[in-house]
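The values are calculated or read from the model by the stated rules, or taken from the named source; none is laboratory data. Just so we're clear, the structure is a prediction, and the values are computed from it rather than from any experiment. Every residue, glycine as well, gets a Cβ built from its backbone with ideal geometry; the counts of neighbours run over all protein chains shown. We work out accessible area using only protein heavy atoms, side chains counted, and drop any ligands, DNA or RNA first. Shrake-Rupley method; radii C 1.70, N 1.55, O 1.52, S 1.80 Å.
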Amino acid sequence: MRIGMPLAYSGGFTQTADRLVDYERAGLDVVLLPEVYSFDSVSQLGYLAARTTTVEIASNILNIYSRTPALLAMTAAGLDYVSGGRFTLGIGASGPQVVEGFHGLPYRAPLARTREVAEICRKVWSRQPVEHSGAHFHLPLDPEHGGSGLGKPLKLINEPVRPRIPIVLAALGPRNVALAAELFEGWEPIFYYPEGARAAFADALDDGLARRDAALGPLRIAVDTQVAVTEDPAELQAATDRVREQLALYIGGMGARGRNFYNDLARRYGFEEAAENVQDLYLSGRRAEAAAAVPDALVHGVSLIGPLGWVKERVAAFAEAGVTTLNARPLAAGHERRVRDIALLKEAGV
């Protein structure tokens, strides 16, 4: 089991980067930097590449709307270069709140667009002259699609460190999960509940894997979680409350009714009534009540909070459900405790 760690995008980045070497020594395999409507993650990933030696770095995620496919490919190749081949390109569709609200771009056809983005990126990395004619991208852009007619097929000037940079797709909906299984090196779901994973994802994964190119290798499954290894009642309560509040935010408030991917996921896990209740409470402004309404089974099922024996049992449950990487956010107070928890998690996953 590989251990990853997402970094915060809202503050404290420089201090965390200064201490990242301690996580490397503790066995951390990959560090991930989110990008929402925050500072861009690319400049910071370059900084992390310069400050580290062995840990892999990954975007988590770059959305497929605000950068062109060629720019995504150039960016990935550049980060792979400055890190010595340690970069993974994490992409995803994000959602209309970010894409339309912050970037001012129409949120259309995420599935087809994702497929074309991956195809174009791989053409760029292979240093082919980039030609593509799809439903969403036309390279070179011809007069029929608004171009001047002066564009020419171009290939990347630099020789990439690797001709095939791993791409991980963040996906929750059945069609996007199937696409990840078919076309990408890795798949990243959020709030992965091992006991409900088969009901939520098995059909989509089987559909995509049936069309998967063997050259891609086995599908890597990297899931987000939170970790606190402790027996102290106060620490257990504080960590559990943080997970509960985050789940309430996503299930209740990340999207409008009928367009909340996380609420849909909770329903697919079997928590239909609770998902509806959490959303009703959250959207009516009763956020503390919404958090309290998140089922205990879901809170403890998606996280790694408790004594070491319990954490080891949960790591085994994730592994049994097909997970290959745990992207764990440490919740303990203090740097030393957080590093210790990553080291314990690494040992538990060996």
Checklist entry - Would you say GLY217 is open to solvent by less than 50 Å² (accessible area, probe 1.4 Å), more than 28 Å from ALA8 (Cα to Cα) and either out of contact with any Pro (no Cβ under 8 Å at 6 or more places or on another chain) or modelled with pLDDT of 95 or more (or both)? => result yes
Checklist entry - If only one of ALA222, ALA228, ALA239, ALA197 is touching a residue at least 24 places away in the same chain (Cβ under 8 Å), closer than 29 Å to TYR282 by Cα, buried (at least 22 other Cβ atoms within 10 Å of the Cβ) and more than 21 Å from the chain's Cα centre (by Cα), which one is it? => result ALA239
Checklist entry - Got a number for residues in the range 31-73 being within 19 Å of GLU116 (Cα to Cα), open to solvent by 40 Å² or more (accessible area, probe 1.4 Å) and in a loop (DSSP other than H, G, I, E, B)? => result 2
Checklist outcome for this item: Within the range 275-296, residues surrounded by fewer than 19 Cβ atoms within 10 Å (Cβ to Cβ), touching a residue at least 12 places away in the same chain (Cβ under 8 Å) and either under 20 Å from PHE201 (Cβ atoms) or small (Gly, Ala, Ser) (or both) come out as ALA292
Checklist outcome for this item: Note on the range 108-155: residues in a loop (DSSP other than H, G, I, E, B) and touching a residue at least 60 places away in the same chain (Cβ under 8 Å) are VAL130, PHE137
Checklist entry - Somewhere in the range 93-112, is a residue within 16 Å of the chain's Cα centre (by Cα) and open to solvent by less than 10 Å² (accessible area, probe 1.4 Å)? => result no
Checklist entry - Of the residues ARG67, ARG2, ARG19, which is under 30 Å from LYS123 (Cβ atoms), of a type in the set (D, E, K, R), touching a helix residue (DSSP H, G or I) at 6+ places or on another chain (Cβ under 8 Å) and in contact (Cβ under 8 Å) with a residue 40 or more places away in the chain? => result ARG2
Checklist entry - How about the range 1-21: which of its residues are part of a helix (DSSP H, G or I) and either of a type outside the set (Val, Ile, Thr) or under 17 Å from the mean Cα position of the chain (by Cα) (or both)? => result PHE13, GLN15, ALA17, ASP18, ARG19, LEU20
Item to check | Evaluation of ARG211 against (1) within 24 Å of ALA93 (Cβ to Cβ); (2) part of a helix (DSSP H, G or I); (3) open to solvent by 80 Å² or more (accessible area, probe 1.4 Å) (one fails), failing number | outcome: (2)
